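Let me begin by handing over the structure; questions about it come next.
We did not get these values from a lab; they are worked out from the coordinates using the rules stated. This structure is a prediction, so every number in the text was calculated from the model and none was measured. Ideal geometry is used to build each Cβ from the backbone, glycine not excepted, and the neighbour counts take in all protein chains shown.
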Amino acid sequence: MPRNNNNPAGNFLTDLQHERKVLNYLFVNNPTTTEHLPLVKDVFFIEGMFSYYDLLFAMVDGTVERVECKIDKLAQETGNVCVEIECRGKPSSLSITTSDSYCFILPNHGTDETEIIFIKTSNLKSITNDTPTVNIGEGNVSKCHLVKRETITNGAYLNWTIRRNQNAK
């Protein structure tokens, strides 16, 4: 499906394909990810367009961590992170996830840097209780909380910046 250039948010299938490429880059044999996630023994991708989380981290202690990943292409520009709760009139994303954590991937346009933020899902749900909602996407079909990026960062348990050349800061 071609990208709709009039809509900076893109469309679902294009974004899903892009997200899979980004997750593969970040979480498969990436030395900076290994450095920042030393307790992760292995990463499994959860396939399917409507899964309740995207990644399964097998931890070195034998436990697992379910991770929902979201790429927000406009967060660095707007200062807000978009947290989806409804799509086409049905609960989605944060409303239905069974993940333990969320991973927000925030590209910084004009640079080769991308910010990676991990936050516990329970903490994210608590944070979004007092934030406004907006309708976005093609035809305004998605309902999202707009959360200040700093609020997400302050509630995070892990945050780092990755560069395309894989040097972390």
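Sort R88, R149 so the one with the fewest other Cβ atoms within 10 Å of its own Cβ comes first.
Values: R88 10, R149 18.
Ranking R88, R149 by Cβ neighbours within 10 Å, fewest first, gives R88, R149.
Another question, then. How far apart, in nanometres, would the label points at L74 and R88 be if each is projected 7 angstrom from Cα along the Cα-to-Cβ direction?
2.1 nm
Which of the three applies to the stretch 116-169, rounded, prolate or oblate, going by the alpha-carbon gyration tensor with a ≥ b ≥ c and a/c under 1.5 meaning rounded?
Numbers: a/c = 3.10, a/b = 1.49, b/c = 2.09.
It is oblate, given that a/c is not under 1.5 and a/b is not larger than b/c.
Please rank F27, F45, fewest neighbouring Cβ atoms within 10 Å first, as an exposure proxy.
Numbers: F27 22, F45 15.
Fewest-to-most ranking of F27, F45: F45, F27.
If neighbour count is taken as other Cβ atoms inside 10 Å, put V81, V40, V134 in order from fewest to most.
Values: V81 29, V40 17, V134 13.
Fewest to most other Cβ atoms nearby, the residues stand as V134, V40, V81.
Can you give the FRET efficiency to the nearest 0.05 for N135 and S95, using r as the Cβ-Cβ distance and R₀ = 22 Å? Don't jump to the answer; show the numbers that get you there.
Working: r = 15 Å, r/R0 = 0.67.
Rounded to the nearest 0.05, the efficiency is 0.90.
List, in order, the whole-Hz ³J(HN,Hα) value for each residue of the stretch 114-127 obtained from phi through the Karplus relation with A = 6.51, B = -1.76, C = 1.60 and θ = phi - 60°; use x for Gly and Pro.
9, 8, 10, 10, 10, 9, 4, 4, 4, 5, 4, 4, 5, 4
Still on this structure, I have one more. Going through the stretch 60-169, which chymotrypsin sites (Phe, Trp or Tyr not before Pro) have at most 10 other Cβ atoms within 10 Å and a DSSP loop state?
Details: sites: Y102, F104, F118, Y157, W160; in loops: Y157.
The qualifying sites are Y157.
Straight-line reach from K70: which lysines have Cα under 17 Å away, leaving out those fewer than 8 places along the same chain?
Here the lysines satisfying the reach criterion relative to K70 are K21, K120, K125, K143, K148.
With a ≥ b ≥ c the root eigenvalues of the C-alpha gyration tensor of the stretch 104-146, is it rounded (a/c under 1.5), prolate (a/b larger than b/c) or oblate?
Oblate, since a/c reaches 1.5 and b/c is not below a/b.
For the stretch 30-137, just say rounded, prolate or oblate: build the C-alpha gyration tensor, square-root its eigenvalues into a ≥ b ≥ c, call rounded for a/c under 1.5, and beyond that prolate if a/b exceeds b/c, oblate if not. Present the calculation step by step, with values, prior to reporting the outcome.
Working: a/c = 1.88, a/b = 1.25, b/c = 1.50.
Because a/c hits 1.5 or more and a/b fails to exceed b/c, the stretch 30-137 counts as oblate.
Enumerate the residues in the stretch 104-122 having an amide nitrogen under 11 Å from the point lying 7 Å beyond the Cα of K148 toward its Cβ.
none
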